[in-house]
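Asker: Sharing a structure here in structure tokens format.
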Amino acid sequence: MTLLPPPPGSHAPGPSDSSGRPPGPPVPPTGRSPRASWHLGANAVVVLWLALFAAAAAGHHFLPSARRLMAHLLLLGAVSNAIVVWSGHFAASVLRLPEANRGAPAAWRLVCLNAGAAAVIGGMAAGVWPAVLAGGAAVAGAVTAHAVWLVRLMRRALPGRFTMTVRYYVAAACLLPVGAALGVVMARGDLGGGLHARLLTAHELVNLLGWVGLTVAGTLITLWPTMLRTRVADGAERAGRRALPVLLAGLGAAVVAVLAG
């Protein structure tokens, strides 16, 4: 008997695997997924800022205002980029909108954030206050746009168990423009020693306890049990919702007390 060739588009039968089923058609190799490409590019920016921080730390004896430079390379550069990228990722995940944290708007927010951070750091190093002002405005605008996007994301999503995590991110993003404004005023100079010290402390409180601290607190409520491969403790969401206004009130009281001396 003569065997006819298989019709176009079909696959010739081959040896069966151990389950007795014939193997399927070969799967062509695929490239990197859009999600992986996005995170690779976004996190490369974080790595770049960390490399600049390491270089500044290695040569700090030869740099003017080295401590201030290193603090801003780490916190304004690396940490702020990581917060914007990963709070967007976690927010989209808990709201079950996984594709929402990528695209042109997210990329432009990161471009604006990094251009502003570079202007702030360069302006401080060169003593050019208008550059610090423009950079601070760009950073504040980028993070404000991030907060607006998070609010819109919550409105699109169905009510969920961990929506309060995104509320922490929104609160943190609303505080960074306040910290940036304090920093810009402080960089203007011509301030009395006491006022400069109070502005510096308020600037650090808002940025560290607000922008960074609230983001970390909101993330740990959901991420920490996931890392430990255990279920979220009963009442954790309710406690998280109740804690947020208390944290904001405590931070506000501390900043007012510092500014008032």
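Asker: Identify all residues within segment 32-71 that are of a type in the set (Ser, Thr, Tyr) and either exposed (fewer than 12 other Cβ atoms within 10 Å of the Cβ) or touching a residue at least 60 places away in the same chain (Cβ under 8 Å) (or both); write none if there are none.
Answerer: Within segment 32-71, 33, 65 meet the criteria.
Asker: Okay, moving on. Considering every residue within segment 160-172, establish whether at least one is within 19 Å of residue 38 (Cβ to Cβ), open to solvent by less than 10 Å² (accessible area, probe 1.4 Å) and modelled with pLDDT under 95.
Answerer: Scanning segment 160-172 turns up no residue that is within 19 Å of residue 38 (Cβ to Cβ), open to solvent by less than 10 Å² (accessible area, probe 1.4 Å) and modelled with pLDDT under 95.
Asker: Quick one: which of 136, 141, 213 is small (Gly, Ala, Ser) and either more than 20 Å from the chain's Cα centre (by Cα) or crowded, with 20+ Cβ neighbours inside 10 Å (or both)?
Answerer: 136
Asker: Now, a different point. Kindly indicate which of 74, 69, 50 is under 18 Å from residue 119 (Cβ atoms) and modelled with pLDDT of 95 or more.
Answerer: Matching residue, one of 74, 69, 50: 74.
Asker: Which ones in segment 214-246 are under 25 Å from residue 71 (Cα atoms) and either outside any helix (DSSP H, G or I) or touching a residue at least 40 places away in the same chain (Cβ under 8 Å) (or both)?
Answerer: 214, 215, 217, 218, 219
Asker: Quickly run through segment 107-123 and pick out the residues that are open to solvent by less than 40 Å² (accessible area, probe 1.4 Å) and touching a residue at least 24 places away in the same chain (Cβ under 8 Å).
Answerer: 109, 110, 113, 114, 116, 117, 120, 121, 123
The values are calculated or read from the model by the stated rules, or taken from the named source; none is laboratory data. Keep in mind it's a predicted model, so treat the numbers as computed, not measured. Backbone-built Cβ (ideal geometry, glycine too); neighbour counts: all protein chains shown. For the accessible areas, the whole protein counts, side chains as well, though only heavy atoms, and no ligand, DNA or RNA atoms are used. Shrake-Rupley method; radii C 1.70, N 1.55, O 1.52, S 1.80 Å.
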